[in-house]
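What follows is a short report on a single structure.
The values are calculated or read from the model by the stated rules, or taken from the named source; none is laboratory data. Every value quoted in this text rests on a predicted model; they were computed, and no experiment measured them. Here the Cβ positions follow ideal geometry from the backbone for every residue, glycine too, while neighbour counts run over all protein chains shown. For accessibility, only protein heavy atoms count, side chains too; no ligands or nucleic acids. Shrake-Rupley method; radii C 1.70, N 1.55, O 1.52, S 1.80 Å.
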There are 2 protein chains.
Amino acid sequence: MTTRWLTPEEQRAWRAYVAASLLLEDTLDRQLQQDAGMPHLYYTILAYLSETPERRLRMTDLAEKLKITRSRLTYAVARLEKDGHVRREACKWDKRGTVAALTDEGMAVLERTAPGHVATVRATLFDHLTPEQVSQLEEICTAVERALQGDGSEAAPAPEGLPWLRRSSSSPPSPPSSSSPPSSSCGS
Amino acid sequence: MTTRWLTPEEQRAWRAYVAASLLLEDTLDRQLQQDAGMPHLYYTILAYLSETPERRLRMTDLAEKLKITRSRLTYAVARLEKDGHVRREACKWDKRGTVAALTDEGMAVLERTAPGHVATVRATLFDHLTPEQVSQLEEICTAVERALQGDGSEAAPAPEGLPWLRRSSSSPPSPPSSSSPPSSSCGS
DNA sequence: GTAGGTTGTTTAAAACTTGAACCAAAGGTG
DNA sequence: CACCTTTGGTTCAAGTTTTAAACAACCTAC
């Protein structure tokens, strides 16, 4: 096949996207580095952890969600652990496994920095969009996400409990319930 | 003011955007690194240069377009120059200035890798969007760009001559025309 | 229990970014 | 012209982040 080039419309959209995402990512990185002392990716790691019922996730799952290599994640988590935002724990049912658990301190950082983060997100993005555009953006990004990740919230549009960018009344202890024993092999 | 949190719609849009842009950027970086031996940012530098009538741009202009520090750009251009994709030239009318010029080899790289790049862009983005969504995306990103950059193509929607992501019949010599002498101070 | 795939870490090297310091050329101003 | 301030761009010395390859422990299945 002789390469289907982009149509003029697609070209314009692509060029605009590249410029905008560069600007956005850069602004966010700067703000978070300044405000939370970590780059956006690391912040996102904490955020993902915070959205989980148990506030913890296996390394591999996390790496897959973030679409980064395990090696890279190891480094990132090591850094976050050093800073006390995350704690490593052994995986109960799979002795190879490691789960990264958000510490209370990590949660606190998330809560403390959320206002500034939200403000930046507003200033750079939502302040310039109409409500229609907001939902269009959601549609578009969801489509991409679904296509590339093959997974994600197909039927669960919003984890609803998410403290991410929302006020959350200081961490309720969250009742114990094993995260996801692989449906087989349980006891020793 | 007590922080205007994101509405549920905005939250969903934001979450989707973050996930999608992570995925996209990562996929692109990987593909370009693999295929053209450089990260997306560097590729974008070449692309910007290629869109210019003279295929050259002053460092400062380039840095502004990319919204990166001059220091960072210096490093990037040094790398691109070492690889032969770009050549540094003195600026005629301002002896402080440096212009980065795309070499034929750099142009060749762009042309050689364009098909793969387009394919990736299609596979990750446009294949999943309706024509309406494409133009919505353009609108949205343009709004962000305009807001954050305060500049950009306000009245010039598409540089039209751009070889970026389009077939371009092997570099026509492009007639000489000084890029942009600052409209004053011409002679010695 | 043994081959084969996973999980996660380690290691060393490389790539990239930052920020401050710096120099040379411009641009005023008196 | 001498002086001072800006601007354009590079350099330097950290520092951070990423990668790739090698590895050890574990699980699975034959």
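Structure notes:
- Sorted into 10 angstrom bins from 0, the C-alpha pair distances of segment B:1-50 split as 24, 30, 22, 18, 6 percent.
- Peptide B:24-37, shielding by other chains (average Cβ, 10 Å cutoff): 2
- Inter-copy label distances for B:E132: 1.0 nm (label point placed 7 Å from Cα along Cα→Cβ; shortest first).
- Dipole in debye (nearest 20) - segment B:10-94, about Cα centre, beta carbon charges: Lys, Arg +1; Asp, Glu -1: 220
- Applied to segment B:112-122, the Karplus parametrisation 6.51 cos²θ - 1.76 cosθ + 1.60 on θ = phi - 60° returns per-residue 3J(HN,Hα) values of 5, 8, 4, x, x, 5, 4, 4, 5, 4, 4 Hz, with x for Gly and Pro.
- In summary, the lysines within cross-link reach of A:K67, defined as a Cα separation below 24 angstrom excluding same-chain residues under 8 places away, comprise A:K82, A:K95.
- Proximity of backbone amide H atoms, modeled 1.01 Å from N, is registered between A:T103 and A:V86, A:R87 at under 5 Å, excluding neighbours fewer than 5 places apart on the same chain.
- Think of the axis that spins chain B onto A; the B residue whose C-beta lies nearest it, and the distance in whole Å, is B:Q136, 2.
- Label-point spacing for B:R70 across the identical copies (point 7 Å from Cα in the Cβ direction), in nm and ascending order: 4.6.
- Position A:R112, label points 7 Å along Cα→Cβ, spacing to each other copy in nm (shortest first, one decimal): 5.1
- Sites B:A108 and A:E64, calculated FRET efficiency, Cβ-Cβ separation with R0 45 Å, nearest 0.05: 0.75
- Computed E for B:R96/B:A119 - FRET, C-beta separation, R0 45 angstrom, nearest 0.05: 0.60
- Solvent-accessible area buried by pairing A with B, both sides, nearest 100 square angstrom, 1.4 angstrom probe: 6700
- Charge sum, other residues only, whose C-beta stays under 12 Å from B:V109's C-beta, Lys/Arg counted +1 and Asp/Glu -1: -4
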